[in-house]
Structure formats: structure tokens, C-alpha cells
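J.: First the structure, which I've put down as C-alpha cells, then a few questions once you've had a look.
The values are calculated or read from the model by the stated rules, or taken from the named source; none is laboratory data. In this text, all values refer to a predicted model and were calculated from it rather than measured experimentally. Here the Cβ positions follow ideal geometry from the backbone for every residue, glycine too, while neighbour counts run over all protein chains shown. Protein only, heavy atoms only, side chains kept; ligands, DNA and RNA dropped before computing areas. Shrake-Rupley method; radii C 1.70, N 1.55, O 1.52, S 1.80 Å.
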Amino acid sequence: MRQSRTRPICSGWFSPKHARSDKMQGVIAAVPTPIDADGTPIKELFVVHCSWALAHGCDALNILGSTGEANSFDTAQRRAVMAWAAENPPKDRLMVGTGTPSLHETIALTKHADDLGYGVALVLPPYCYKPLTDEGLTDWFMALHAALGARDIQICFYNFPQMTGIKDSSGDLDYCRSIVAANPALSVFPSSETALATAHQDGFVGCISASVNISAPLAGAIWAHRKTPPADLCSEIARKRGLIAGPRLIANVKSLVADRTQDARWRAVLPPFRTLPGAARRDLRAAVEG
């Protein structure tokens, strides 16, 4: 029997240290997806931002996750964005979200990711039917596993409780520590860069976060000195994270990227999200800049 490619994700991202993805560690940005007035992804802005993130402190990128508004795009749009990312950075610095409520669509997207050379696919469980049983979820993921056959791509389970309704303690570092203690073979990526302050002692191998699209240089510096992280940088990154995170996380990230690039196209979000109004944009920028 071939070895299972699947591994769980709760409050972050877990992968076995022996897998093809074991080089993926450190600061991982959950990148946003720029769109035009019709809601179509914009290649130029997307590729430039991905390059900026990798050049300014990020070790890898998570394409088409929740921050990337993946579930608001159709299959053709998702395939296009996946291909854009795969054209540029080294493949071992990329992971991609392929989970949808449809098992067949998830299988197709994951196979496409494998064809493009992605090493890791992050897969949301089917989130439209609740309550879900553990047995039903197991059946769903095992069906995905079986459909992928001998393909190389590794599958990470992505548990986003606000979206999926699965019991979890998202963002709870004690929970992440308990995972490390229970199974040291799993590489744990908490979902906030504030975890980098204690990552070395806690056994975390990095973080995956939306707000590092803004704080990447700080996060990269902390990770580089993770054995003795600078207290001032840890404090500053926690301050910025507190301002950016929350119900308007995606709009906040896009607004701040627009400010950095001086390109207002970045502000656009897809419904049901809403673009930040002018006053909120200005207040956020001033607060983040300190």
C-alpha cells in the first residue's frame, strides 16, 4: 500500500517532515488576489506582489487560500491564477488551496495543481453541510486521496472553523503546542505571525498568515533570529497584526497593499466582502504606519 499523502490542519498547517514539502518552512504569506472591475483576477499585480513578498521576508506563498478569495472564483479563474504563480517562483516555495464543497471539483483542481508542479495542496473540507461527522469527513478526504492515485502532490487538511463549523481552537497556540507534543513528526504552522516569537521553543516550523503580506520584513527578521527573537520586533509585529486582523482582514490587507504599491486596483474585493471606505482606509494606514 502506498503511503498516505494526507495530514491534518487545525489552527494552522501541518505537514510530515519527511514529505516533499519539508523544505517549506518559515514565513508563508497567504497572498491576496487582485481583481478588476468585473471581478477578473489581474495577472500583472498578482505576480509583482508575489515577487515582492518572496523578496521581503517570506519563505513561501499560499496561493488561493481564504485570503486569496478562492471560493469566490470559478474553476477557470482558479486554474489561471494557479498557473501564473507556477510560472515564476521555485515550485518548492508554493502551496495552493484546492478545496471546494464539490469533491469532484476538488479532485480536478488538485490534479491540476500537481500537473503545474505544486508540492502541497491545502484542502478545505466540504463546508456547506452541517453538522458533519468525523466519519463523513474521513470518507471525503479518503475519496480525494484515492482519486489522486500515485501523484506526488501532498494534501494538507485545512480546518477553518469560522467557515467549516468544525470544532477547533483556531489561533490557539496552546492547541498548536498540543499537536506538536502529540505528534512531533508533524510540522506545525500556526496561522498568525505572532507565533514566531516562541516558534523555536514551541517546535513550530513557521507561520502561514494573511497579515504578513504587510509585515513580511518584520516576520522574516524574527524568523531569522528565532532562537533569540528581538523583543521590539515581536512587539511591533503583534501591534500590526492586531490592527489588520479581524472581520475585515481581506479588505484591510488589500487596502494596505494598494497603499504600498500606489495602485488603487488592489482595493477591490469580491462580494460578499466590501471595500474599505475612504476614512477607514486612511485610519488603517496611519495606525499601521505608527
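J.: Express the accessible area of the chain per residue in Å², computed with a 1.4 Å probe while the remaining protein chains stay in the model.
T.: Details: 12700 Å² over 290 residues.
So the chain comes to 44 Å² accessible per residue, rounded to a whole number.
J.: Right, something else. Got the relative contact order for the range 21-87 handy, in percent, Cα pairs under 8 Å and 6 or more residues apart?
T.: Taking the mean separation of contacting Cα pairs over the length of the range 21-87, I get 40 percent.
J.: Once you order the gyration tensor axes a ≥ b ≥ c over the Cα atoms, which shape class does the range 139-290 get: rounded for a/c under 1.5, otherwise prolate or oblate by comparing a/b with b/c? Mind dumping the intermediate values first?
T.: Values: a/c = 2.14, a/b = 1.29, b/c = 1.66.
Oblate shape, in that a/c is at least 1.5 and b/c is the bigger or equal ratio.
J.: Can you pull the percent of the chain's accessible area that's carbon plus sulfur, 1.4 Å probe, other chains left in place?
T.: 55 percent
J.: With a 10 Å cut-off between alpha carbons and a GNM built on the chain, which of P126, P41, P90 moves the most?
T.: Result: P90 has the largest fluctuation of those listed.
J.: Work out, step by step, the length gained on full extension between E87 and A181: first 0.36 nm times the residue separation, then minus their alpha carbon distance; give nm to one decimal. Intermediate results must be reported in sequence, preceding the final value.
T.: Details: separation 94, 0.36 × 94 = 33.84 nm, distance 3.79 nm.
Gain on stretching E87 to A181: 30.0 nm.
J.: Could you state how much accessible area M142 has, in square angstrom rounded to the nearest 10, with a 1.4 Å probe and all protein chains kept in place?
T.: Per-residue accessible area (M142): approximately 100 Å².
J.: Amide H neighbours of C207 under 5 Å, counting only residues 5+ apart in sequence or on other chains, H built in-plane at 1.01 Å?
T.: Distant-sequence amide H within range of C207: G26, V27, I28.
J.: Would you calculate a helix-derived [θ] at 222 nm for the chain, using -39,500 (n - 2.57) for each DSSP H run of n ≥ 4 and dividing by the full residue count, to the nearest 500?
T.: Computed ellipticity for the chain at 222 nm equals -13000 deg cm²/dmol.
J.: Which whole-number percentage describes the relative contact order of the range 148-290, with Cα contacts under 8 Å and a sequence gap of 6 or more?
T.: 15 percent
J.: Output the DSSP H helices from the chain with an along-axis C-alpha extent of no less than 15 Å and a mean Kyte-Doolittle hydropathy no less than 0.0.
T.: Helices meeting the span and hydropathy rule in the chain are 43-55, 75-86, 134-148, 212-224, 231-244, 249-261.
J.: How large is ³J(HN,Hα), in whole Hz, for each residue of the range 196-208 in order, when computed from phi with the Karplus curve 6.51 cos²θ - 1.76 cosθ + 1.60 and θ = phi - 60°, using x for Gly and Pro?
T.: 5, 4, 10, 4, 5, 6, 8, x, 7, 9, x, 8, 10
J.: Still on this structure: Run the 1.4 Å probe and let me know the accessible area of R267, rounded to the nearest 10 Å².
T.: Accessible area of R267: about 50 Å².
J.: With θ set to phi - 60° and the Karplus curve 6.51 cos²θ - 1.76 cosθ + 1.60, what are the ³J(HN,Hα) couplings of the range 56-67 in order, to the nearest whole Hz, using x for Gly and Pro?
T.: These are the phi-based 3J(HN,Hα) values: 10, x, 8, 8, 7, 10, 9, 8, 6, x, 4, 5 Hz.
J.: Given 0.36 nm per residue, what is the gain on full extension from S72 to D36 after removing their alpha carbon distance, in nm?
T.: In short, 11.6 nm is gained.
J.: Run the numbers for D172 and H225: contour at 0.36 nm per residue of separation, minus the present Cα-Cα distance, in nm.
T.: Working: separation 53, 0.36 × 53 = 19.08 nm, distance 2.30 nm.
Computed gain between D172 and H225 is 16.8 nm.
J.: Going by accessible area, probe 1.4 Å, with all protein chains left in place, what is the ranking of K91, K227, K130, K240, largest first?
T.: K227, K130, K91, K240
J.: I've got another one for you. In nm, give the distance between the simple-model label positions of D139 and D152, each being 7 Å from the Cα along the Cα-to-Cβ direction.
T.: Modelled inter-label distance: 3.4 nm.
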